[in-house]
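So the structure is just underneath, and the comments pick up after that.
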Amino acid sequence: MRTLRSLYTTAAAASMLAVTLPASAQQLSIATGGTGGVYYPIGGGFAEMINNHIEGAQATAEVTGASVENMGLIMRGDADLALALADTVYQAYTGTDDFEGRQIENIRALASVYPNAVQLVTLAESDIESIADLAGKRVSVGAPGSGTELNARALLEANGVSYSDFTPQRLNFNETADAIRDGDIDAGFWSVGPPTSSILNLAATRDIRLISLSDEEVANAQAEEEVFAPYELAAGMYDGMDEAVQTIGIPNVLVVNSDMDEELAYQLTQLLFENTDELIAVHPAANDTTVKFTMDSTPVPLHPGALRYFEETGAEIPDRLRP
């Protein structure tokens, strides 16, 4: 997929870097996820970009329990930026589903960065061929407080499978890979930008199989969660993966608190889209970091600073993204 080319001249970009940031913006915390997923390298890569390009700002990527936990960190001001799955962000913003009774109205988006793919992995020797075959098995559904668990549960319940049908384990990505390799569990879910390091490492040591969803299972999942979309994992993505695998994808959103300084939000958004090649060098998932993907996929309103950037680029901004 093509990366977004610079929409400003070099001189304009240079003038952006010369702006002095407010004192409150000097130290920035980026809430990510576990080290075995994509959030941590993407967050670390963006932190490095901030440190290299925005004068006076220093950013660090923080290991967290991922999407659900990250919403609370943004709400409380314990993190300045966070990555989270679109369904989690939408539920938090609207106070629905897992966030019923604890709505977080001060969430704003800077961008949608890349789509996650729900990846169900088992050993090649396993008799698991579909999600229905998870019955009676030991299955990792993701770390507690993670978007992976929200996605796994929504996918399963939409297709008539509940946690009572199998033995759920709540493990992070690295723990899930280790448990599959060691035979401690039969299968595990990842909701992450592919390819992800923990599955790559597992595939390098054991023969694995990724479970494909049927057209009906994808349609059922979309009926359950409007942010789900059909997604194809390309053949050869992991060792031993000879055929493409059909699954569902969910956008990942870079969010901030609505109280963030407008100029800072503007600079962060500009930095992300005008230096996307630096993020792609960290992880190929950033190939999907485009203005169009943000306009099409973001589930909550944009921060005014981000909105100003997109207006200057001439983007066609949907009404739902305006605060």
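The values are calculated or read from the model by the stated rules, or taken from the named source; none is laboratory data. Quick caveat: nothing in here was measured; it's all calculated off a predicted structure. All Cβ positions, glycine included, derive from the backbone under ideal geometry; neighbour counts span all protein chains shown. Ligands, DNA and RNA are stripped out before the accessible areas are found, and what is left, the full protein with its side chains, is counted by its heavy atoms. Shrake-Rupley method; radii C 1.70, N 1.55, O 1.52, S 1.80 Å.
Only residues that are more than 23 Å from Asn275 (Cα to Cα) and aliphatic (A, V, I, L, M): list them for the range 29-72, please. Once the filter is applied, which keeps residues that are more than 23 Å from Asn275 (Cα to Cα) and aliphatic (A, V, I, L, M), the range 29-72 yields Val63, Ala66, Val68, Met71. Going through the range 57-68 one residue at a time, which ones are more than 13 Å from Leu268 (Cβ to Cβ) and open to solvent by less than 50 Å² (accessible area, probe 1.4 Å)? Those that are more than 13 Å from Leu268 (Cβ to Cβ) and open to solvent by less than 50 Å² (accessible area, probe 1.4 Å): Ala61, Thr64, Gly65, Ala66, Ser67, Val68.
Could you pull out the residue among Met75, Met71 that is part of a helix (DSSP H, G or I) and open to solvent by 20 Å² or more (accessible area, probe 1.4 Å)? Write out each step before concluding.
Values: Met71 fails: open to solvent by 20 Å² or more (accessible area, probe 1.4 Å).
None of the other options fit; the residue is Met75.
Flag: Ser197 does not match the condition of being touching a strand residue (DSSP E or B) at 6+ places or on another chain (Cβ under 9 Å) and assigned by the TED database to the domain that holds Asp239.
Checking each residue in the range 204-229 for being at pLDDT below 90 and part of a strand (DSSP E or B) picks out only Ala229. Answer with yes or no whether Ala124 is under 22 Å from Phe228 (Cβ atoms) and either surrounded by 23 or more Cβ atoms within 10 Å (Cβ to Cβ) or of a type outside the set (D, E, K, R) (or both). Taking the combined requirement at face value, the residue does not satisfy it. Scanning the range 289-303 for residues that are open to solvent by less than 30 Å² (accessible area, probe 1.4 Å) and closer than 21 Å to Ala234 by Cα yields a count of 2.
Filter the range 81-137 down to the residues that are among the charged types (D, E, K, R) and not assigned by the TED database to the domain that holds Arg181, then identify the one that is modelled with the lowest pLDDT. Outline the logic, then answer.
Step one: of the range 81-137, the residues among the charged types (D, E, K, R) are 87, 97-98, 100, 102, 105, 108, 125, 127, 129, 133, 137.
Filter once more, keeping what is not assigned by the TED database to the domain that holds Arg181: 87, 97-98, 100, 102, 105, 108.
Working: Asp87: 87, Asp97: 86, Asp98: 83, Glu100: 94, Arg102: 93, Glu105: 95, Arg108: 98.
Residue satisfying both the conditions and the ranking: Asp98.
Scan the range 235-243 and give yes if some residue there is crowded, with 17+ Cβ neighbours inside 10 Å, assigned to a loop (DSSP other than H, G, I, E, B), under 16 Å from the mean Cα position of the chain (by Cα) and at negative phi, otherwise no. Before the answer, list the steps.
As a first pass, look at the range 235-243 and keep what is crowded, with 17+ Cβ neighbours inside 10 Å: 237-238, 241.
Adding the requirement that they be assigned to a loop (DSSP other than H, G, I, E, B) leaves 237-238, 241.
When the remaining residues are screened for being under 16 Å from the mean Cα position of the chain (by Cα), the result is none.
Checked the range 235-243: no residue is crowded, with 17+ Cβ neighbours inside 10 Å, assigned to a loop (DSSP other than H, G, I, E, B), under 16 Å from the mean Cα position of the chain (by Cα) and at negative phi.
The residues in the range 127-142 that are open to solvent by 10 Å² or more (accessible area, probe 1.4 Å) and in contact with an Asp or Glu (Cβ under 7 Å, 6 or more places away or on another chain) can be counted, and the count is 5. Apart from one condition, Arg209 fits all of (1) touching an Asp or Glu at 6+ places or on another chain (Cβ under 8 Å); (2) within 25 Å of Tyr114 (Cα to Cα); the exception is (1). Being in the same structural domain as Leu85 (by the TED database), part of a helix (DSSP H, G or I) and either crowded, with 16+ Cβ neighbours inside 10 Å or of a type in the set (S, T, N, Q) (or both) holds for only one residue in Ala306, Ala315, Ala281, and it is Ala306. For the range 226-256, filtering for residues that are over 30 Å from Leu110 (Cβ atoms) and in contact with a Gly (Cβ under 8 Å, 6 or more places away or on another chain) leaves 1.
If you go through the range 86-119 and keep only what is closer than 18 Å to Pro194 by Cβ, part of a strand (DSSP E or B) and open to solvent by less than 10 Å² (accessible area, probe 1.4 Å), you end up with Ser112, Val113, Tyr114, Asn116, Ala117, Val118, Gln119.
Take Asn201 and decide whether it is surrounded by fewer than 24 Cβ atoms within 10 Å (Cβ to Cβ) and assigned to a helix (DSSP H, G or I). Yes. For the range 153-165, state whether one or more residues are buried (at least 22 other Cβ atoms within 10 Å of the Cβ) and modelled with pLDDT of 95 or more. The answer is yes, given that some residue of the range 153-165 is buried (at least 22 other Cβ atoms within 10 Å of the Cβ) and modelled with pLDDT of 95 or more.
Has the range 207-224 got at least one residue that is open to solvent by 50 Å² or more (accessible area, probe 1.4 Å) and over 20 Å from Leu155 (Cα atoms)? Scanning the range 207-224, I find at least one residue that is open to solvent by 50 Å² or more (accessible area, probe 1.4 Å) and over 20 Å from Leu155 (Cα atoms), so the answer is yes. In the range 35-56, which residues are free of Cβ contacts under 8 Å to residues at least 40 places away in the same chain and assigned to a loop (DSSP other than H, G, I, E, B)? Matches in the range 35-56: Glu55, Gly56.
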